[in-house]
Amino acid sequence: MNRLVVGRLAIILSIITIIFPGACVQIQSVEPEVALLPSKLPARIVFSSDRDGNPEIYVMNTDGTNPTCLTNNPANDWHPTWSPDGTKIVFDSDRDADPELYVMNADGTRQTRLTHSLGGDFLPAWSPDGTSIAFTSERDVNPEIYVMSILQGTPTRLSYSPGLDFCPAWSPDGTRIAFTSDRDGNLEIYVMNADGSRQTNLTNFSGSDSRPAWSPDGNRIVFASIRNGKEQIYVMNADGSNPTRLTDSPALDFYPAWSVDGSKILFVSTRDGNPEIYIMDADGSNETRLTNDPGHDEHPVWSPGSAEAS
Ligand SMILES: [Ca+2]
Ligand SMILES: [Ca+2]
Ligand SMILES: [Ca+2]
Ligand SMILES: [Ca+2]
């Protein structure tokens, strides 16, 4: 499914380039409302699903029960993730023409647009200290990684490669950002300092490697890779060493994400006919399906602050 993201980026890139050459950028500042204390809220999984006709943002309990729709918009509402205190969800939506970032309370109220760029803005990731949101944008034509201050709303461009640069993921200490880039010929996992310096690749395989996510202790990165013929879930040390395959399904496995205590990994798989969300132990054992509907259930992210299922 990372390939679908890339395809989507490429398609929108073409459209934006044709319609909005030299597109200007205007950013709306955001009220700083994120508390930095650990969440006392029960653990939830946020995800996107088109089970009701078009992509919307949902939350469910960590055992898959009580799925609840938070958005109700004919547009594509995608790529949700949590604020560090679990009280807010940031996501992207094309409800106002091209994809922009939006934030809402964790119950779906107060949906507020964050970006006003004429290029698509995608795949947000909230910094661990709550002050910034990293994201992917086509505002400068080519997909690049940006980081935007919550206080000032001013984005800073972090990548400058002619290839695809997307899917930023913060290290738990906030000092580094992992991301995906094809700057060296095919999709690899890269890491950089949070200011964009020292961009280096962690993977170097001919197949696509994408969608990095740091373990809560910062020691490992889980990712999706096609290095063995079909997309599966892998984990490696944070320095790129010891890549290890975790899933071996007959279908595609992608979009991995850690539980807040690092003991579990969420992922999406098509093994049962359409994209569903699964959970497994961090060593790849005990794979369990959490969703069961004909729609595309994707982008699962575990809420911060609580390890217990509600
Ligand atoms: Ca929608
Ligand atoms: Ca680029
Ligand atoms: Ca690769
Ligand atoms: Ca499904």
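Quick note: the coordinates plus some simple rules give every number you see, no bench work behind them. Predicted, not measured: the structure shown is a model, and the values here were computed from it. When we count neighbours, we look across all protein chains shown, and the Cβ atoms used for this are built from the backbone with ideal geometry, even at glycine.
Sorting Asp182, Asp165 by the number of Cβ atoms found within 10 Å of their own Cβ, with the fewest placed first, yields Asp182, Asp165. Each of Ser249, Ser208 has some number of other Cβ atoms within 10 Å of its Cβ, and from fewest to most they run Ser249, Ser208. Round to the nearest 0.05 the FRET efficiency obtained for His116 and Asp281 when R0 = 45 Å and r is the Cβ-Cβ distance. Approximately 0.60, to the nearest 0.05.
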